[in-house]
Amino acid sequence: MDLRAVSRRLLALFFLTSLAHADTAAFDLVGPSIDIKVERKGKTLPISQVPNLQAGDRIWIHPALPRNQSAHYLLVAAFLRGATNPPPENWFTRSETWSKKNRDEGIFVTVPDGAEQAVIFLAPETAGDFSTLRSAVRGRPGSFVRAIQDLEQASLDRSRLDTYLAAINRTAETDTAAVHDHSVLLARSLNMRLDEDCFKKQVEQQAACLTQKSDNLVMNDGHSQSMVGALTQGPASDLIGQITFTPTAGSGYFSPYVGAIVDMGRILDSLHTAQYQYIPALGLPKQDQLQLKLNSPPSFHNPKSVIVVALPPVKPEEQPPLRAVDPQQASCVQITPLVLQVSGAPLAFSSDLLHNLVLHVQGKSGPGIDLPARADAVRGGYLIDTKALAGTEFDGVATEGVLRGYWGFDPFTGPTFKLQNAHPAAWTIPQTETASLSAGREHAFHLHADSAACVNQVTIKHPNGSESKVNWKVSRPDEVEVKVPAGGATPGTLTMAVKQAGLNQPDEVKISIYAETGQLDRFVIIPGVQQAILHGSRLDEVASIEVSGVHFTPSPTPGGQGELPFAAENANATESLSPDSKLSAQVVLKDGRKLEVPAIVESPRPSVTLLSKRVETGSVSTASAIHLTNQDELPLDGHLSFSLKTGMPKVFPRGEKIEISATDDSLHVMLSIADGSLTLQDPHTVLATLDPSKSFGNSAFGPLRFRPVDERGVKGDWQPLATLVRVPSLKELHCPEDATQQCTLSGTNLFLLDCVAADPQFTVSVPVPEGFVDSTLNVPHPTGPIFYVKLRDNPKDVNLAMLPIIPDKAPQ
């Protein structure tokens, strides 16, 4: 490609981008109108109801030009047969619109076999006008085919755009607050782009926001594109097909509507000659008339302007994919207006192509009843006139209705809708929702009957006689969900009054509200363990629990906070329950109410066995004169190593921990593999180490216990581990020669001693008073270097103490 070709393409790209942003393609000039009717097999339809032409169709064309029309227009009706097959000369029909006969009667043309497109040209009279125009079309049929297709597509899209803008503007003038709801339904009905940011603006500004850049609102509609049969091959589609969807041209600034117009304008511009230029006209059908809109003023000087008007394509009719928004939704024939929500066929709302629609309701016998149906884009569906149903066999009967009508000349069968009739109903509520209703809480009820769609009001009558409205919605064709607020649920009998459209008396549903109960969270069972735990609050109101045939009653064993133990009938009753089973516990309260709570069957609790342990004394206790005689005593400055073998599960999990605490829960530490305090010897055995002073601090003492805690947080049984003791430092023992006199014991932290004696039976002993702070203590005279002490942290055990006796000097 040479430099000049590249320059031309860049200029074209710049021109087309500028064209879109400058709105130069706006069709805002009112052109002439053309009356058109189509006859097929003896039936005649106005052009507004004809989506496609077929071979053999007889078309009546009458230009509705004013009587004082000064410029003479030559009307040429032509048919084309594709981009690569020039049409024969006899497929062109000329009509001098200024002649009295043509002005009064119009002309008839018949769609020939093999035709694929139909077009009307309005050309200013000039010498050789007909032959020049026919030659141009036959010489470049592909350009005209593409231009006609784009023009027809643009006309269909414009009908959707006009319908949308008109509806939004009407809503803005009459009910500003409804702009949001109406625009959402309009966008769904007409397949329009909706800018959600517009709803963030003030209500008065929303309509203007929603309609700005109006040409960019139209979205792709596969059905109308299929009707037109737009080409996707060849030079007529290469540049525009790329530019309309590229970031270079504004990241998709062109809507399908704008793209079709720019595409068609480019093609027609390429057909410019010294004698003629071709300008497009959007044909907007109104009954039997095409009202033309132009985007540039026609010229009557050379090159004169030929107005190009596209007619529906020649092809078999393709019916619209109209579908129900929710096929399972039911509609009540007594509710007015009755709107059947549909989507999928924007042209059903913006044109008359789908016409003479009725909702056909078939009864048990006979031909059924046809109810008039009218498309309403603002309401998002078809409005049904149900007056004809009054007093018929359909009263009180649930049935179905199907949309029927015509798409062009062909019969149309649309979606089927479920219909309900209002009638007195016996509403039912699931037992699980009424088994335990507590006052002071919000409750949701699901009322079931075969006329749920007909409900138009729900109120509640309180035990004191007052009434109030509640929030409700039709959740399914046979279900209404009612929410009673916390303030509306008072103890006693509550009456729900369910009002249906068209009925004078509401249906009544009575429910019992009880005083507030406790919160029952879960019932936890461990297989093989007779005792199970109910978690929650106010658990004393529970009389019994049953799970899969296993009966539980409250256990006299006290539980923890928010827990109440229950005992099975026998110890083996829970063995048949499988872990992780999804079960429900049937809870019976003392007032007779029955509730359901989740029953959780856990895996068996973890268990371990203590194999061995070893105490290593620290520097303080080693240097002390006191020798601990009980191997279960652990000096605070010492270290404890112990080994454990797992019982359940069979392999010690790496995430399992060993919890160590004082029996009064004043001390607590977790040992784990992750922090290095647990080391696996093999898959079944683990070695644990404990540094008491580091884990508990300098004031820790008393019995210690341990238990396994698995990865779920489930804890095993407590087992004794050791008794933590603090050991004082004994330095000197001074004794007089008289064995009947007491000795003086010196050291530090002597308050950690409970008692000191000269014999292991403590027949002669000295107790250490509470609050003792001295560094010396008078003790019984031992017979040798050995005496006996009891530690304050474990006064049950007798320990040896050994210090050499230092004789006191006799007084001089």
Partner lysines whose C-alpha sits under 19 Å from that of Lys731, ignoring same-chain residues fewer than 8 away, are Lys790, Lys809
Fraction of alpha-carbon pairs in the range 279-411 farther than 22 Å apart, rounded to whole percent, equals 52
Helix 179-190 sits off the longest principal axis of the Cα atoms of the chain, rounded to the nearest 10 on a 0 to 90 degree scale, by 60
Largest-first semi-axes in Å of the equivalent ellipsoid built from the Cα gyration tensor of the range 483-612 are 40, 16, 13
Rounded to the nearest 10 degrees, the helix 141-174 long axis (Cα) sits at an angle to the longest Cα principal axis of the chain of 60
The distance between the Cα centres of the range 659-697 and the range 346-394, in whole Å, is 79
Taking only the alpha-carbon positions of the range 617-669 as identical scatterers, the Debye log10 I(q)/I(0) at q = 0.19, 0.25, 0.27 Å⁻¹ comes out as -0.88, -1.07, -1.12
For Trp472, Trp407, the accessible-area ranking with a 1.4 Å probe, largest leading, is Trp472, Trp407
At 4 °C in a medium of viscosity 1.567 mPa s, the range 710-765 has a Stokes-Einstein diffusion coefficient, with Rh taken as the Kirkwood radius over alpha carbon pairs, in µm² per second, of 84
Per the Cα gyration tensor, the range 93-182 corresponds to an equivalent ellipsoid with semi-axes, largest first in Å, of 40, 19, 13
With -39,500 (n - 2.57) per DSSP H segment of 4 or more residues and division by the full residue count of the chain, the 222 nm estimate, nearest 500 deg cm²/dmol, is -5000 deg cm²/dmol
With the label point 7 Å along the Cα-to-beta-carbon line of Ser603 and a cut-off under 14 Å to each amide N, the hits in the range 512-544 are 527
When all Cα-Cα pair distances of the chain are considered, the percent exceeding 52 Å is 53
For the chain, longest principal axis from Cα atoms; helix 129-139 axis from its Cα atoms; angle between them, nearest 10 degrees, is 40
Beyond 32 Å (Cα-Cα) in this structure, taken from Lys364/Lys499; Lys41/Lys101; Lys499/Lys582; Lys582/Lys657; Lys483/Lys590, we find Lys499/Lys582
Kirkwood radius from Cα pairs of the range 42-97 plugged into Stokes-Einstein at 10 °C, 1.306 mPa s, gives D in µm²/s equal to 113
Heavy-atom accessible area per residue of the chain, all protein chains kept, 1.4 Å probe, expressed in Å², is 48
Within the range 573-608, DSSP-loop trypsin sites (Lys or Arg not before Pro) with at most 14 other C-beta atoms within 10 Å are Lys590
Working note, the range 746-797: Cα radius of gyration (Å, one decimal) and Dmax (Å, whole number) are 10.5, 29
Between the modelled labels at Thr416 and Asn302 (7 Å from Cα along Cα→Cβ) the distance in nm is 6.8
By the C-alpha gyration tensor axes a ≥ b ≥ c (rounded if a/c is under 1.5, else prolate when a/b exceeds b/c, else oblate), the shape of the range 303-343 is prolate
Counting only protein heavy atoms with a 1.4 Å probe and every protein chain in place, the carbon and sulfur fraction of the accessible surface of the chain in whole percent equals 51
With label points set 7 Å from each Cα along the Cα-to-Cβ direction at Glu711 and Arg522, the distance between them in nm comes to 1.7
Unpartnered Cys in the chain, judged by a 4.7 Å Cβ-Cβ cut-off, are Cys755
Checked the range 24-70 with the C-alpha gyration tensor, a ≥ b ≥ c its square-rooted eigenvalues, rounded below a/c of 1.5, otherwise prolate if a/b is larger than b/c and oblate if not; verdict oblate
Ratio for the range 521-597, C-alpha Rg to 2.2 N^0.38 Å, reads 1.00
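The values are calculated or read from the model by the stated rules, or taken from the named source; none is laboratory data. In this text, all values refer to a predicted model and were calculated from it rather than measured experimentally. Counting neighbours? That spans all protein chains shown, and the Cβs are built from the backbone with ideal geometry, glycine included. With ligands, DNA and RNA removed, areas are computed over all heavy atoms of the protein, side chains included. Shrake-Rupley method; radii C 1.70, N 1.55, O 1.52, S 1.80 Å.
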